[in-house]
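What follows is one structure encoded as structure tokens, with my remarks underneath.
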Amino acid sequence: MERRPPSHPRQAWEEKGAAPAPSSRAKPYETCEVQPLQTDPGPSTLALDTEEKESLDIIQSRPKDEAQKLQFLDSICTICSTTSVHSTEWHKLYFCQLEVVETVEELLQEEPTDQLSSTVRQQAMLAITSMSRAKLLLQEKKSSLLHACFCSVFHLPPQDSRGPSAFLYSKTLAAMDSMLQTLIYSAGTLSILELQNILQLLLSFANSQLAVVQERAIARIARLAKFVTTCSLPQMFMKYLQPTDRVDIILIAIKSLRTPSATSIKVAALMVDVLVVNSAFQTGQVLNIVWAIYGNLPSITAVAARKSVERALLVLTNKHPTEVVTSLMQCSPTCNQVAGAMWKTMFSEPQAAKKVLQELLSKLMNQSLRKTSTSTKDNPRILSLAATRTISEILLHPTCLREVDAIFPRLFLALLFQVSFTTELMVQEVHIFWKEHQQDLLTPIRSAVKAMKELLCVMGFEKQMLAIEAQGGWDALLSTQTHLMGVRTVAREMMTTQRPLRHTLFCHLLELLSVEDPTWEMVAMTFFIEMLGSMDFGEDLARALELFPMYLQSQCLGMPGLVLQGILKLTERPDMARKTLVLLPDVMEQLQGDDSAVALSVLTNMLRLLEGKASSLTALALADKLRPFFDDLEQKGRLQRLVAKDVQLPDPASIRVLRGHQLPVTCLVISPDDKFIFSASKDGTVIKWDVESGKRLCVVPGGKKGTEERNMGHASHVLCMAISSDGKYLATGDRNKLIMIWDAATCKRLHIFTGHHDAVSGLSFRKGTHQLYSASHDRCVKVWDVAENAYVETLFGHQDVITGLDSLSRECCVTAGGRDGTVRLWKIPEESQLVFCGHQGSIDCIQLINEEHMVSGADDGSVALWGLTKKKPLALARQAHGMQNTQGLQEPYWISAVAALRNSDLLATGSHSASVKLWKCGEGFRKLEPLWDIPLVGFVNSLKFSATGDFLVAGVGQEHRLGRWWRIKEAKNSICIIPLRRRAAASSPEAPNGS
């Protein structure tokens, strides 16, 4: 029997009675006519039987070369197309179908993937098609067989559409499409499952990293989609397709919308419409679809394709508004052109617009400070910024305007909260969010302010917007230091609007403040307090009284004081004053807090409202509260004892002189109970004195240099000393760079601190602790823990030797910087410093008056009063001790010592001018007034007031404590105790520090 040439694949399905022809194949779904059975075998039947037997023989042999492969595959087609299920050949093929399928799979795998030079692939797919129609294709082998088909074709190199293999490539793809459609069609009632299996295989190739593989797989899916729609299978398709497969097909279809082919766009659009409308998606799946739309939209230019995407986006928005809004803001936090087009689509339909606005408002209010991720995917801080930017971009959209009107009060307050929130952003968050707009200087906070201004304008409040701008309110909002001032300005102007809006804002603030939220409660309360002045809120004001107790206990910095200001406003309103009395116990508790001055003003107003017995009982309860209140004010240095005006000139005869040091006294301290004095001198001795008797209780002699380990005392000049506030420890520092720690009760040395590289010139214990600060000529400040005998840290900053140091209760200290001309405040926890300038000479001494003010003296003869919030002196007394004639030149007496009676207005200064001067600080520490000159010959190297202010102690020597520039021979190296008498009839009023 003559066979056809192997290079021409045979038809996979021939109609009975039709002449076989290699170039004329039946269409995949063409139905064959059933011929009547012949009772007598004719010549044609005998020819077919012979051909079938020959084909079966070929199938049972393993093909090797290309001709044999084609003959093998052609034989499969012959048997499948010419035999009936009752024939012997069909049964023989049925029983060896596993071997046949495996052979076909091997033939496909053997085909080279770098070229298409034969029709083996095409003929193999025709053979698979024939076996499927003849019910001879094993179900369990279909997947591996299809995978082999896809691999052998999809991984071919890109084909030239005009090259020699273009026709062969086209026919091969056509054979593959026909094969896939036949597999689905011949599956009957299981066609949907067959389609699902095929799609799962194709999707794995559609997600390939290779573009050519991806393109070919997507094209096959598109062909199948078209086939499915023509067969009326979409609803069944939806019923059986897995959710993940639906999403994958949607993503592929969206990508296919970029193609210029109208047919491909039509098929892809249909798939998008059907799948999006009839599917429910999870959050991650919505994100993937939105990302696909966002990523492909710039390349989708056809009108039909754009409309399909827009329909899908609107359907998703209505079904999953939260997920869509979040996903789009993750795609583009800064709302670029592509995202803007998508937002406009979402706002094109009123129902969707309403849902989107609600979601944006929700994101604005979700400004969680607990998230610090630098990823936009899960960071509510970044998403709230994105919501602000989005609102700014879409406000002018007509549909948006209609919907904004309904939520304006809430949206306006949310944007105001956002402005304050953005002042707290970390640098990393600003960078990742706003890197696209750095060239436009459009920072996050400026974008939020811009959105607020635009919102006011579009809602008809341009007058208020301009008024806020005229008062500098918008600029104030931009700064962390002034943004609450800006909030007050905005609130005042919004109070000029119509009552319905004011009332809605007020009620919404009440609702928000009913639950504490640290991200915006300070801004909300500031706005709310500003609104309390309105006279037309009626009973709603009473609801505010229910909120205030909770916020008076708030840990938010400044919140209790802000609430107290609000209560103060209400006590001044005739319609609300008496109602505020329910807050009296809560206000009394605030006397112990940082806002005690405001609390006192509120209590003053409340006491005026009380009558008779109630007033007396409240006053008694208040008295118990006020005592610790004033004690606390004094402790914090916020209460100034006005004692200077009552101090009388000391009688020189009443001054007691204690002798014991051989060389000039350089430093001294008084014990906290005023019973003992500790002094030290250039001879290295440390002496403990009894104040009442003037006797030496303990003497620690000095030694020679290098004997510190053998002897208890110092072996060089002692320049400074300090005593802890509990009187337990005494610290001394010397020129040998050593700090010695002593038991103040027994004068027993406990420890030696080393670490400074030059003379130790200043020491001070932090009040209430055993933390010790030291200063040195090596220009650094060190922190020590005396209780643990431990070094803590070192601070640097001065440019010359440090000559003095002092501290109080706060974790900070002040230093005098000698010739560098600066006084410095060291903030220990922050490891930062504030620099103050004002003296012209070397600053040699310094002491704190209270926690907010200090006094210093310099060798230019000046005494300066400082406030820790001002870089320049509040008051400066030049030539405080007069002038002296030195070698024919007039120069001021150096200020060698200063002292302050803690938390009072009384100061003392010393020099070598033969007197100690007493001074009075004027109101607000803005003036220095001289009081008395107390005669005292010699260099006054140290001055200290007793804690009660009953006496002043001076350490006097023949030389300056830091050198030997002069020597006053008539002076005595001694301790002088100067009694301070006050006018008997005078009281000691106390006034809050008004500075």
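Things worth noting here:
- Cβ-based net charge around Q799, under 10 Å, with every Lys or Arg adding one and every Asp or Glu removing one: 0
- Pairs of Cα atoms nearer than 8 Å and 6+ residues apart set the relative contact order; for segment 752-877 it is 15 percent.
- Extension gain (nm, one decimal) between K135 and R659, 0.36 nm per residue minus Cα-Cα: 176.1 nm
- Gain on full extension, evaluated as 0.36 nm per residue between T244 and Q115 minus their Cα-Cα distance, stands at 43.0 nm.
- For trypsin sites (Lys or Arg not before Pro), the sites in segment 690-764 that DSSP calls loop and that have at most 13 other Cβ atoms within 10 Å are K695, K704, K705, R710.
- In plain terms, the bigger the Kirkwood radius, the slower the diffusion; for segment 757-912, with that radius from Cα pairs, at 10 °C and 1.306 mPa s, Stokes-Einstein puts D at 101 µm²/s.
- A 1.4 Å probe run over the protein chains yields, for segment 502-612, 41 Å² of accessible area per residue, whole-number rounding.
- Exceeding the 32 Å Cα-Cα cut-off - candidates K142/K171; K453/K579; K645/K782; K705/K870; K704/K969; K355/K569: K453/K579; K645/K782; K705/K870; K355/K569
- Average accessible surface area per residue within segment 897-936, 1.4 Å rolling probe, Å²: 32
- Calculated Rg and Dmax of segment 672-809 using C-alpha coordinates, Å: 14.2, 45
- Inter-probe distance in nm under a simple model that places probes 7 Å from Cα toward Cβ, at D160 and L210: 2.0
- Whole-Hz couplings from phi, Karplus 6.51/-1.76/1.60, listed for segment 169-180; x for Gly and Pro: 5, 5, 5, 5, 5, 4, 5, 5, 4, 5, 4, 5
- Packing around the peptides 822-834, 588-600, taken as the average count of other Cβ atoms within 10 Å per residue, puts them in this order, highest first: 588-600, 822-834.
- Residues whose placed amide H lies under 5 Å from that of Y729, excluding near-sequence neighbours: S724, A744
- With every protein chain in place, segment 473-586: carbon and sulfur % of accessible area (1.4 Å): 57
- Surface accessible to a 1.4 Å probe, H714 within the full protein complex, Å²: 0
- Packing-based order for 923-935, 891-903, using average beta carbon neighbours within 10 Å, highest first: 891-903, 923-935
- Across segment 905-921, computed HN-Hα scalar couplings (Karplus, 6.51 cos²θ - 1.76 cosθ + 1.60, θ = phi - 60°) run 10, 9, 10, 9, 10, x, 8, 10, 8, 6, 7, 9, 9, 9, 10, 10, 7 Hz from first to last residue, x flagging Gly and Pro.
- Under-5 Å amide H pairs with N850, H placed in peptide plane, nonlocal only: N903
- The modelled label-to-label distance between R488 and I407, using points 7 Å beyond Cα along the C-beta direction, is 3.2 nm.
- Cα centroid separation, segment 477-552 to segment 695-744: 60 Å.
- What the Cβ-Cβ distance of R981 and D575 gives, at R0 = 51 Å and to the nearest 0.05, is a FRET efficiency of 0.40.
- Cα centroid of segment 91-144 to Cα centroid of segment 853-867, whole Å: 102
- Accessible area per residue in Å² at 1.4 Å probe, computed on segment 786-845: 40
- Interchain or long-range residues, amide H under 5 Å from T666's placed H: A680, S681, K682
- Sum of side-chain charges, S204 neighbourhood, beta-carbon under 14 Å (Lys, Arg +1; Asp, Glu -1): 0
- 13 Å cut-off, amide nitrogen to a point 7 angstrom out along K872 Cα→Cβ, residues in segment 836-855: 837-839
- When T666, T189, T746 are compared by accessible area of protein heavy atoms, the largest-first order is T189, T746, T666, using a 1.4 Å probe.
The values are calculated or read from the model by the stated rules, or taken from the named source; none is laboratory data. Since the model is a prediction, treat every value here as computed from it, not as a measurement. Positions of Cβ are backbone-derived with ideal geometry, glycine not excepted, and every protein chain shown enters the neighbour counts. Ligands, DNA and RNA are stripped out before the accessible areas are found, and what is left, the full protein with its side chains, is counted by its heavy atoms. Shrake-Rupley method; radii C 1.70, N 1.55, O 1.52, S 1.80 Å.
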